[in-house]
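Comments concern the structure below.
The values are calculated or read from the model by the stated rules, or taken from the named source; none is laboratory data. All of these numbers come straight from a predicted model, not from anything done at the bench. Neighbour counts are summed over all protein chains in view; Cβ atoms, including those assigned to glycine, are modelled from backbone coordinates with ideal geometry.
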Amino acid sequence: MSETALEREMAPKRRRMMEMIMTLGGLKEESVVPLSKVNEEIANLKSEIGPLTENILAFPSSYFDQFYETISKSDLIAQIGDKGILNEAIVSLESAVTGIDSEGLRGLLEILRNTLNAKTVTHETETSGSSINLENELGSISDLVSSIEEVVELHVKTAETEAQAAIEELNKLIDSFQDILTEMESDYGVELDSLQKLGTKTRYGPFLRAAAQVKRGVREERITPERMKELLSDNLVIEFQRGVMMFILNNMGSKTAIQLATLMRASPLVVQKAVVSMLQRSEVEMVGLDENAPVFTRVLGKQPDTTLIIKKIAQQLRGIRGSIEGKNLQIVDDSLSRLDTVFERLQILGEYDESPLAETITTLRETVDSATEAVLGGQLSERSDDLHLLVSAGLEAFTRFRLKITLEKGPNLVSGFNVYGEKLDPEVYRQLMDTYLENEMERGTLLILIRELGAMTAHDLAEKTNIPQDRVFQHLLRLKRDELLLIAGEAHGYVLYDVPRTLSEAEVTIKTVTGLALQLSQASSDLKQILGDLKPQDIGRLATALEVFSKALEKLTKIEVSGTVVGATVLSSVEEKLKSAVLLTYRTRAKIPSTRSKVTLDDLMDIDVPSVLDEYRDQMGYAPILGFGTINWEQAKCLGCKSCEISCPEDAILLKPKIEIPMFFEFSPESIEELPSNRALFYQTVRELATEKPTQDIILEKESPGFGTVEVDLWLCVACRTCVRTCPGPDGGALDLELKWSLPEVVRQMTTEH
C-alpha cells in the first residue's frame, strides 16, 4: 500500500470494527497459516483420534446393554407412575435405536411399552363406574399434608446446615475484601488483580465482566490510571458487594437486607441500594416477610414443579370450601392453612430435592381432584346431570370447579338484578354460556391429554383434538397464565407445554437415561459422518459431537439403581479416551482458524450488513451505532456549498470537481421547484438547451463553488450524522444516513491503493 494510504489512518471505531470482521472471517489467520499446514494438522488429528473414537462409538451400546440387564433384575420400571414420562421415554428410544445398535435399548423399549399398556388398561378398569365418597377423600388430606410438612422440615434443616458450613468461606471472603480496600490507595493496579481473583469465588457474572472490561481498557490505554482508580473504588467495589450478596443467597438461603448487611459487615444503606439495583436486574426477588422486613431470594431460572403443584392444590381447596360445611369444612381450612405455610417455606428455599415429595404430592393431587369431583357431583341439580357428564369427560378438576361457579351464579343474573340494578338478557346469557362451556371443555381436554401423554406442542394437540391450532394456542396461553401449564422445551420448532410434575427417583432415572440415549444416538451419527471425510470446517462439529459424549458420560456416572452405579466399568474404560479425543480436537482447532474457509475478501465484496432495526434506532438514538451507517447523497437537493465537507470531523466527505450531468435529466419537477430560483433556472436551462440526453460526467479542472459531486470515504466515516445535520439543502437536505454499513464499499476501500 502506498505512503498516502498509510497516512490516511482509519477512525479508531471503524478500525476496531474492521479488525473484528477480519478476525471473524479468518482473513488474518489465512495469511499466517498456509493451506499445507492446515492439511497436515487435519491428517495428524485424524490418525490420532481414529483409534480413540472406535471405543467412544462403542461405549453407548455396551452401557445400555448393562443398564437393561440391571433394571431387568429390579422393580425400577414398576415405580414409574406417570404415563407421560413413559410415553416421552418411548418416543426418545424409538429414535435412539436407529443410531445405536444395542439389544439393551431395544429390550428397554419393549419393557416401557408393555408397562404403559398395562397402566392404561388398569386405569380404564379402575375408573369405570367408580363413585367417590367426599368424607373419605377429605379425611386423608390431613395425613398427606403432615407427610409433606415432615419432608419440608428436613429440607429446611439441611439448608440451615449448609448455610452454617458456608459462613466460614464467607468470612474469609469478607476478610480478604477488607484487606484489598485497605491496600487500595497504595497500588490500584495490583488491587484490581486481587479483587478480580477474589471475585471468581462469588461467580457473579456482572462483576467478572466489568473487571475484565476495565483491565482490557487499561491495557489498550483507553482508560487512564485516574479513571481506573475511580472505576475500581466505585463501580467494581459495588459490583463485588453485589456478588457477595448473591453468594449469600445461593449458599445460605433467603435473607432480609439487615441480615445481609450483618453477614457482609456492611452498612444496611449500602445493602439496600444494592438490593434495589439487583431487583431491577431481575437477579433477586421478594418472597415474603420476616416480621415487617422483606425477605429476598435469588431469582430462579425455573421454579420447582412441586412448589407450583402445591400452589395449585391450595387453589382447588379454596374453590371447594364454599360448597362444604361442618367437619369437612374444618378439614379443608386446616389443610389450607398448613399448605400455605408449606408453600411459603418452599418459596424461601428456592431450589431443593423434589424426589422425596413426589409420591406424596401425586397422591395429594389425585385426592383433591377426587374431592373436587365429589363436591361438583353432589351440588349440581338433576337437570344439569347430562351437562355434568359431558363436562367431566373433558375438564380437568380445577377448571371443572370454575365452571361450577359459573353455572351456579349465572342464572341469578338472569332472574334477578345485579348491584347496579341491571338484569342480564337470557339470550345473551345463553350465548355467553355456550362460548364459555366450549372454551372450558376444550381447555380441560388439553390438560387431560398433556397429563396423560406428557409434554405436547400446540400442533400435536390440534391433531389429536381436531381443535383449530390457533384456538389451541390461545387456550395454552390462558392455561399457562393460570399456572396450570409450563413450558418444557421445544420439538420440531414448536414449544412444548406440560403440566407441573414432581418426578420420583425412578422417573428421573428413566427420563435421564432415555434422553441421553437420544443425544448419544444423534452424536454417534454425526461423529461417523464427520470422521468419514474430515475437513477443516468440520472441526467445530467434531468438537460439539465429542462434547455431547463427554457430558453424557458425566451424567451417566451419577445414575444409580439399587444404590449401585450402572455400567461403572464401561464408563471408566472410555473416560480417558474421551478426554484425549476432546483435547486433541481443541488443540487442532486452536492451530487452524475454524472460520478459515467461511469467507474471503472476494466474498466480502458481496455482503451487506443488514439495516439496524427501527425499534433500536428509536430507543437508542444514533450514538450506539456509530460506524454502521452509509451516507446517501441526493444531487437534486445539493447546493454545492461544501458545508458537509467543512463540518466532517473525520475528513471523510469531499465535494469532488465532477458534475454528474446525466442526472440533471432525472430530477423531478417537484424537486427542482424546491431549489433556490437561480439553481432551479440553471437546471431547467440545461435540460431545454440539450438536443439529446448526455451520457458522460463533466470533470472540472478546478473546484467551482456551487458544483460538484459529494463522495463519502467509508474507510473514514463513522456515521456521526454531522454532515446530515449541517446540510442546508431543501426538504431535509441532500444527505441522509442509512442505518447500515456498506461492507462491499469498505472492502473496496481496503483493497484500493490510495
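When the range 78-125 is filtered for residues that are β-branched (Val, Ile, Thr) and either closer than 30 Å to residue 526 by Cβ or at pLDDT 90 or above (or both), the ones remaining, listed by number, are 85, 90, 91, 97, 98, 100, 111. Per the listing 339, 329, 308, the residue uniquely under 24 Å from residue 486 (Cβ atoms), in contact with a helix residue (DSSP H, G or I) (Cβ under 7 Å, 6 or more places away or on another chain) and assigned to a helix (DSSP H, G or I) is 339. Quick check on my filter: what residues within the range 611-648 are modelled with pLDDT of 85 or more and among the polar types (S, T, N, Q)? Answer for the range 611-648, where residues must be modelled with pLDDT of 85 or more and among the polar types (S, T, N, Q): 632, 635, 643, 647.
For the range 275-285, indicate whether the set of residues that are on the phi < 0 side of the Ramachandran plot and of a type in the set (Asp, Glu) is non-empty. Among the residues of the range 275-285, at least one is on the phi < 0 side of the Ramachandran plot and of a type in the set (Asp, Glu), which makes the answer yes.
Tell me the residue from 65, 75, 101 that is among the charged types (D, E, K, R), outside any helix (DSSP H, G or I) and in contact (Cβ under 8 Å) with a residue 24 or more places away in the chain, please. Of 65, 75, 101, the one residue that is among the charged types (D, E, K, R), outside any helix (DSSP H, G or I) and in contact (Cβ under 8 Å) with a residue 24 or more places away in the chain is 101. Considering only the range 19-61, state which residues are at pLDDT 60 or above and of a type in the set (A, V, I, L, M). Correct list: 33, 35, 38, 42, 43, 45, 49, 52, 56, 57, 58.
Here is a yes/no grid of residues against (1) touching a residue at least 12 places away in the same chain (Cβ under 8 Å); (2) not in a helix (DSSP H, G or I):
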{"residue": "487", "(1), (2)": "no, yes"}
{"residue": "497", "(1), (2)": "yes, yes"}
{"residue": "514", "(1), (2)": "yes, no"}
{"residue": "526", "(1), (2)": "yes, no"}
{"residue": "547", "(1), (2)": "yes, no"}
{"residue": "551", "(1), (2)": "no, no"}
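Rundown of residues vs (1) among the small types (Gly, Ala, Ser); (2) in the same structural domain as residue 731 (by TED's automatic domain parsing); (3) within 18 Å of residue 736 (Cα to Cα); (4) surrounded by 15 or more Cβ atoms within 10 Å (Cβ to Cβ), yes/no style:
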| site | (1), (2), (3), (4) |
| --- | --- |
| 630 | no, yes, yes, yes |
| 634 | no, yes, yes, yes |
| 642 | no, yes, yes, yes |
| 646 | no, yes, yes, no |
| 666 | no, no, no, no |
| 674 | no, no, yes, no |
| 678 | no, no, no, no |
| 686 | no, no, no, no |
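Number of residues in the range 343-358 that are buried (at least 21 other Cβ atoms within 10 Å of the Cβ) and among the aliphatic types (A, V, I, L, M): the value is 3. When the range 649-659 is limited to residues that are at pLDDT 80 or above and surrounded by 16 or more Cβ atoms within 10 Å (Cβ to Cβ), the one that is farthest from residue 718 (Cα to Cα) turns out to be 659.
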